[in-house]
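In what follows, a single structure is set out as structure tokens and then discussed.
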Amino acid sequence: MKVEHTDFVSIPIQDVERAKHFYGEILELEHERDTAGGAEYRAGQVTLAVWDPTTIGREFKPAPNEVALRVADVAAARAELEAKGVEFHGETFDTGVCHIASFSDPDGNALILHRRYAPL
């Protein structure tokens with residue numbers, strides 16, 4: 001098997017309109033299309049598919065694995081989101097190679113702002 005690329009990352013939500021507001025207006029991601037039970041947003045090279053799993057009989061559980069959103073400046077992006085009411089989990093972390101600021105969407109899905117500053 002040869003994987004060509006990742007088409008999308010699925011993000012479970014409970015309230016479609018609330019998720020559309022968060023991903024489209026708060027995070028300002030490009031809206032690609034509405035779907036049955038959700039919507040899709042462009043996040044750089046990958047699509048975030050936010051959807052309500054109960055629409056197909058599955059249980060809702062927030063995704064614990066963080067989706068890392070690369071930004072030019074973590075501190076500036078964090079300040080912008082905080083001004084819009086987003087609460088972060090602790091301080092921005094400097095790993096020695098990158099900056100990370102952790103937060104969650106309204107349904108508890110783990111997200112981070114990320115910027116690598118050291119060469120690979």
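Candidates are the residues of segment 86-120 that are part of a loop (DSSP other than H, G, I, E, B) and in contact (Cβ under 8 Å) with a residue 40 or more places away in the chain; the one that is farthest from A63 (Cα to Cα) is V86. Are any of the residues in segment 81-89 of a type in the set (D, E, K, R) and either touching a His at 6+ places or on another chain (Cβ under 8 Å) or at pLDDT below 95 (or both)? Taking every residue of segment 81-89 in turn, none turns out to be of a type in the set (D, E, K, R) and either touching a His at 6+ places or on another chain (Cβ under 8 Å) or at pLDDT below 95 (or both).
Hey, among the residues in segment 1-59 that are part of a helix (DSSP H, G or I) and touching a Lys or Arg at 6+ places or on another chain (Cβ under 9 Å), which one's least open to solvent (accessible area, probe 1.4 Å)?
Pass one, segment 1-59, residues part of a helix (DSSP H, G or I): 16-26, 53-56.
Add one more test, that the residue is touching a Lys or Arg at 6+ places or on another chain (Cβ under 9 Å), and what stays is 25-26, 53.
Working: E25: 118, I26: 24, P53: 6 Å².
Across segment 1-59, the extreme among qualifying residues is P53.
Name the residue that is farthest from K61 (Cα to Cα), counting only residues in segment 1-45 that are at pLDDT below 95 and of a type in the set (A, V, I, L, M). Among them, the one singled out is V3.
Which residues, counting only those in segment 64-94, are of a type in the set (G, A, S) and open to solvent by 30 Å² or more (accessible area, probe 1.4 Å)? Residues satisfying the conditions are A68, A72, A75, A76, A79, A83, G85, G90. All of (1) open to solvent by 60 Å² or more (accessible area, probe 1.4 Å); (2) over 13 Å from the mean Cα position of the chain (by Cα) hold for V97 with one exception: (1). Exactly one residue out of E80, E40, E91, E66 is under 11 Å from the mean Cα position of the chain (by Cα) and of a type in the set (D, E), and it is E66.
Scanning segment 100-120 for residues that are over 18 Å from the mean Cα position of the chain (by Cα) and either of a type outside the set (S, T, Y) or crowded, with 17+ Cβ neighbours inside 10 Å (or both) yields A118, P119, L120.
The values are calculated or read from the model by the stated rules, or taken from the named source; none is laboratory data. What you see is a predicted model, and the numbers here were worked out from it, not measured in a lab. Note: ideal-geometry Cβ built from the backbone for every residue, glycine included; neighbour counts use all protein chains shown. Keep in mind that these areas ignore ligands, DNA and RNA; they rest on the heavy atoms of the full protein, side chains included. Shrake-Rupley method; radii C 1.70, N 1.55, O 1.52, S 1.80 Å.
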